[in-house]
Amino acid sequence: MKKIKLTALERSWILYDIGNSAFILLVSTLIPIYFYSLASDGGLNESLYLSYWGYAGSAATLLVAVIGPICGTLADHRGFKKPIFMACMLLGVLGCAAMGVTAGWLAFLVVFVLAKVGYSSSLVFYDAMLPEVTTDARMDNVSSQGYAYGYIGSVIPFILCLVLVLLGDKIGLSAGTAMTVSFLLVAVWWLGCTLPLLKSYRQKAYVERAQHPIKDTFRQLGRTFRDASKEKHILIYLIAFFFFIDGVYTIIDMATAYGTALGLDSTGLLLALLVTQFVAFPFAILFGRLSAAKDTGKLIKLCILAYTGITLFAVFLKSQWQFWVLAVLVGMFQGGIQALSRSYFTRIIPPQQSGEYFGLLDICGKGASFMGTTLVSAVSQITGDINTGVGMIAILFIVGMFFFRVTVRIKS
């Protein structure tokens, strides 16, 4: 478990994780609570609030699942990856800033969906850069450090936002103004952390630019689907990833909304999720170093099994202290399963087609998240029981584990 010294390019790549993680931390903490106040003012009850929040997340992930593979395949052409990545990042940054000046719960959800699409789309190209910024031997470690420093680095703007929201009245700021400043602060942080990567990244793995790149993109995408279907270990891994990462993303997207709907104290929820970030940092680093000595497949299985137990624990969640326990447990395994599943996939695909293959992975990841949030929202709305809706997530981890075990056997 030797510590590695990062190159300048690896540091720039990791810095983008620090930038975009500030946005997703805001999405997981303050934004659901802020939306709850907008929804309450608009006359929505707790069940409808949770349902509409879930549907908005589902809409964003469904859009990315559709456009991700197309843009990913286009980005594999020489000179395309960085410009498309920058356009998606700017959509997310501008959407984040715009959420602070949007009135009404419905308009807010529309802007949120656009910002989330920009954020998620940028990750397709960011992940596809991994084999170009590091070597195969360092990949697990660099991937894990990306998540690790993303967790701990995103805490800096989050704490500033938390101070503004909780103590803003002491300096004459209304709750709405405090949130407006918070959205702008996170947008500036995200943009600033992206600049070193935009300056230093050069596309090394690519296919030559075609005479008709858009037309050829759809042809290549069709070939990629056919190639993936012929490579059984890739196809089965995509199916496994579809299910187990669904559970991870659904927990991330709906944890605060779930706690708020249960009537738990909002300040306690925010502090608990702040603890998640601090716990996730050392454990993401730990999983990265363990991967040098232990089989990556076994570590992913461990994370899936742990998340299954976490979901079952969440079904019986009633009080604040249980939410704190849940936050710590999630922090222990969140970075590990995300980082190792990314680097595992990078190893089994052709590097010159990383954009299009990560576009396919994004169909599975973001498409799955659409299914997970919709499932929780629909079951909660139909049954009127939020805990029952959350319990559905465990099924996804069980199915994911089954298919991942099949992947490992085929790969072996």
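Brief remarks on what is shown
- Filtered residues of the stretch 135-183 (kept if acidic (Asp, Glu) and touching a residue at least 60 places away in the same chain (Cβ under 8 Å)): Asp136, Asp140
- Extreme residue, surrounded by the most Cβ atoms within 10 Å (Cβ to Cβ), among residues of the stretch 121-134 that are more than 20 Å from Ile337 (Cβ to Cβ) and within 15 Å of the chain's Cα centre (by Cα): Phe125
- Qualifying residue in the stretch 49-56 (condition: assigned to a helix (DSSP H, G or I), closer than 29 Å to Ile349 by Cβ and modelled with pLDDT of 85 or more): no
- Within the stretch 124-174, considering residues that are outside any helix (DSSP H, G or I) and not hydroxyl-bearing (Ser, Thr, Tyr), the one farthest from Leu361 (Cα to Cα): Gly172
- Test: residue in the stretch 135-149 that is within 23 Å of Tyr258 (Cβ to Cβ), out of contact with any Leu (no Cβ under 9 Å at 6 or more places or on another chain) and buried (at least 18 other Cβ atoms within 10 Å of the Cβ): yes
- Hey, Leu173 at pLDDT 90 or above, aliphatic (A, V, I, L, M), over 19 Å from the mean Cα position of the chain (by Cα) and surrounded by fewer than 24 Cβ atoms within 10 Å (Cβ to Cβ) or not: no
- From the list Ile31, Ile84, the lone residue that is free of Cβ contacts under 8 Å to residues at least 60 places away in the same chain and under 23 Å from the mean Cα position of the chain (by Cα) is Ile84.
- When Leu312, Leu305, Leu317 are screened for being surrounded by fewer than 17 Cβ atoms within 10 Å (Cβ to Cβ), touching a Gly at 6+ places or on another chain (Cβ under 9 Å) and farther than 15 Å from Ala284 by Cα, only Leu312 passes.
- Scanning the stretch 57-90 for residues that are surrounded by fewer than 23 Cβ atoms within 10 Å (Cβ to Cβ), at pLDDT 80 or above and of a type in the set (A, V, I, L, M) yields Ala59, Leu63, Ile84, Met86, Ala87, Leu90.
- Hits in the stretch 226-279 - residues which are surrounded by fewer than 17 Cβ atoms within 10 Å (Cβ to Cβ), modelled with pLDDT under 75 and closer than 19 Å to Arg342 by Cα: Glu231
- With respect to being closer than 17 Å to Ser154 by Cβ, β-branched (Val, Ile, Thr) and out of contact with any Cys (no Cβ under 8 Å at 6 or more places or on another chain), Val315 falls outside the description.
- Of note, Ala115 satisfies the criterion of being of a type outside the set (S, T, N, Q), closer than 20 Å to Ile18 by Cα and assigned to a helix (DSSP H, G or I).
The values are calculated or read from the model by the stated rules, or taken from the named source; none is laboratory data. Since we're looking at a predicted model, the values are computed, not measured. No Cβ is skipped: glycine too gets one built from the backbone with ideal geometry, and neighbour counts run over all protein chains shown.
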